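Have a look at the structure below, then the notes.
The values are calculated or read from the model by the stated rules, or taken from the named source; none is laboratory data. Only a predicted model underlies this, so the values are computations on that prediction, with no experimental measurement involved. Cβ placement follows ideal geometry from the backbone for every residue including glycine, while neighbour counts extend to all protein chains displayed. SASA here: full protein model, heavy atoms, side chains in, ligands and nucleic acids out. Shrake-Rupley method; radii C 1.70, N 1.55, O 1.52, S 1.80 Å.
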Amino acid sequence: MSVPALRVRKIAPATDVAYHVSPLTLRCYILGEVSNLQTGRCAISKLGFWSIVMLGINSIIGAGIFLTPGAVIKLAGPLAPIAYVLAGLFAGLMAMVFATAARYVRTNGASYAYTTAAFGQRIGIYVGVTHAITASIAWGVLASLFVATLLRVLFPGKNWAEDTELFSVKTLTFLIFIAVLLVINLFGNRIIKWANGTSTSGKIFALSMFIAGGIWIIVTQHVNNYGSSASPGVYQRATFSLLGIVGMGQSTGSSLILATIVALYAFMGFESIANAAEEMHEPDRNLPRAIPLAILAVGAVYILAVVVAMLLGSDKVVSSSGTVRLAAAIGNDAFRTIVIAGALVSMFGINVAASFGAPRLWTALADQGTLPMRLSSKNRFGVPMIAFSVTASLALAFPLALHFDNVNLTGLAVIARFIQFIIVPIALIALAADRTGERSAIKRNPFTDKVLPVVAVSISVMLVVSFDYRTIFLTQQGSPNHFSIALTALTFVAVPAIAYLHYYRTLSSEGTIGIER
């Protein structure tokens with residue numbers, strides 16, 4: 001960080017002139033920040049271009065790359081790297097849409113802020129509430145992956161990691177893990193910073209070890225098992241159907257589309273980068289350049305890791321029942337254990353960050369009056385206990401409803417985000433068309449303001465209708481999954497309806513409903 005020039009304050013005593021450095025200025029100078037004598041605090045340094053790039057990389061790389069290769073190779077076979085390329089291109093496209101929207105709305109909140117600015121609270125409330133729900137689901141998926149990996153590492157002789165029942169060791173471990181995360185949250189921001197650092201170190205270590213070690217094995221032992229990805233026992237084209245209802249048959253292209261949806265989970269996180277736009281330096285200029293660069297870097301690492309895994313042996317990756325599918329390609333037990341340990345550390349750090357961030361989405365909605373203020377109430381340690389409980393309940397409920405099926409859980413985590421992926425591009429078109437107020441001075445770009453959003457919506461709709469919703473609403477035996485159906489209706493219909501009712505009842509009591517859109 002560049003250190004600003006030291007500011008001094010001129011003081012004129014009765015006899016001579018002296019220069020005095022205030023304690024605040026000195027403290028801020030040491031920290032590399034600028035003092036604000038009016039507030040008595042150091043002004044927080046804004047994130048620059050490369051800081052945003054690193055933030056993007058750290059936000060995207062998570063548990064997805066360790067989990068998804070098995071399902072992607074099974075669906076796409078030798079075309080698995082192409083699935084990650086397509087997923088990266090779609091993520092880059094959506095990232096550009098989010099970044100362009102940040103040019104017109106320079107406040108925190110990303111999808112909620114953009115939608116509210118474009119269409120008002122009527123649409124913004126639904127996007128905001130479903131965003132909080134999606135974050136809760138995403139935390140549940142991450143926690144489920146961590147618990148399964150932990151049980152498999154600590155108790156390799158037991159089948160506890162494969163438990164699917166409500167009353168099981170896996171569920172108990174899940175509850176204990178949630179309690180541990182609650183205790184960690186009591187320590188506040190310092191532990192979150194530590195968790196982010198730990199997570200970053202863990203995933204970089206695990207990926208670097210896998211790629212470097214894998215390449216070493218491939219080169220020194222002349223290993224090339226890439227062809228196994230096309231064998232019948234590995235490559236299994238899925239039946240393509242619209243919404244899981246109208247069957248369209250099997251084909252290489254349709255199976256590749258389904259593989260792309262699964263691969264897209266590994267790129268999730270890019271949509272949250274713009275959440276902190278107010279803390280960024282010139283977000284309207286830096287975000288559109290930084291986010292695609294971050295996705296390009298992540299995509300290159302992902303494709304390299306998947307190709308290495310396929311050269312080592314696709315059959316091992318596909319047949320593995322472990323959560324860290326990528327490590328299954330490694331034949332050496334010690335080497336494989338090191339990679340799994342690094343991935344486990346990464347998952348732990350990501351879960352700590354998710355347990356801190358997801359409840360704050362609920363409290364933010366409460367602070368804005370969208371949800372009851374009780375949600376934002378905190379205990380003496382500063383933890384929003386009610387919001388934490390709501391988030392933790394959803395995080396546990398969805399894995400239980402889907403019987404801890406990691407493939408179906410990741411699919412749900414991806415599809416739930418498409419509410420944002422469809423509405424935000426439409427909001428961008430509306431924002432670009434608005435030439436009133438501060439937006440009138442913003443230079444328009446027909447390609448990013450019109451072409452990209454239309455393409456993004458078209459692809460999003462295509463992927464949404466391609467998803468097999470039977471995996472969510474039906475059991476493996478084909479009967480209705482009443483728990484999952486009721487849970488989905490509650491979270492995506494009932495909760496937003498309650499939010500609407502609360503918000504407009506509050507406005508009505510304040511006599512301001514007439515001026516709200």
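One residue alone among 429, 422, 442 is touching a Ser or Thr at 6+ places or on another chain (Cβ under 8 Å), open to solvent by 20 Å² or more (accessible area, probe 1.4 Å) and aliphatic (A, V, I, L, M), and that residue is 422. Contact map, region 299-316: residues that are more than 16 Å from residue 260 (Cα to Cα) and of a type in the set (S, T, N, Q) paired with residues that are assigned to a helix (DSSP H, G or I) and open to solvent by less than 10 Å² (accessible area, probe 1.4 Å), Cβ distance under 7 Å, separation 6+ or inter-chain. Pairs shown: 314/73; 314/229. Counting only helices (runs of 4 or more DSSP H) that sit completely within region 1-100, those holding 2 or more residues that are modelled with pLDDT under 65 correspond to 23-31. In region 373-392, which residues are open to solvent by 20 Å² or more (accessible area, probe 1.4 Å), in contact (Cβ under 8 Å) with a residue 12 or more places away in the chain and closer than 26 Å to residue 484 by Cα? 375, 386, 390, listed by residue number. For region 331-346, the criterion of being under 17 Å from residue 54 (Cβ atoms) and in contact (Cβ under 8 Å) with a residue 24 or more places away in the chain is met by at least one residue.
Residues that are surrounded by 14 or more Cβ atoms within 10 Å (Cβ to Cβ) and part of a loop (DSSP other than H, G, I, E, B): does region 148-166 have at least one? Yes, region 148-166 contains a residue that is surrounded by 14 or more Cβ atoms within 10 Å (Cβ to Cβ) and part of a loop (DSSP other than H, G, I, E, B). Every condition in (1) outside any helix (DSSP H, G or I); (2) among the hydrophobic types (A, V, I, L, M, F, W, C); (3) touching a Phe, Trp or Tyr at 6+ places or on another chain (Cβ under 7 Å) holds for residue 404 except the one numbered (3).
Could you go through region 452-465 and let me know if any residue there is open to solvent by less than 40 Å² (accessible area, probe 1.4 Å) and outside any helix (DSSP H, G or I). Checked against the condition, which is being open to solvent by less than 40 Å² (accessible area, probe 1.4 Å) and outside any helix (DSSP H, G or I), region 452-465 yields no hits at all. Residue 468 passes every criterion in (1) assigned to a loop (DSSP other than H, G, I, E, B); (2) closer than 21 Å to residue 288 by Cα; (3) charged (D, E, K, R) apart from (2). Among residues of region 415-432 that are closer than 16 Å to residue 462 by Cβ, those with a beta-carbon under 6 Å from a residue that is surrounded by fewer than 19 Cβ atoms within 10 Å (Cβ to Cβ) at least six positions away or on a different chain give the pairs 418/464. Scanning region 106-120 for residues that are open to solvent by 10 Å² or more (accessible area, probe 1.4 Å) and in contact with a Leu (Cβ under 9 Å, 6 or more places away or on another chain) turns up 112, 117, 118. Any idea which residue in region 242-286 is farthest from residue 465 (Cα to Cα), counting only those that are touching a helix residue (DSSP H, G or I) at 6+ places or on another chain (Cβ under 7 Å), at pLDDT below 70 and open to solvent by 60 Å² or more (accessible area, probe 1.4 Å)? Top of the filtered list is 248.
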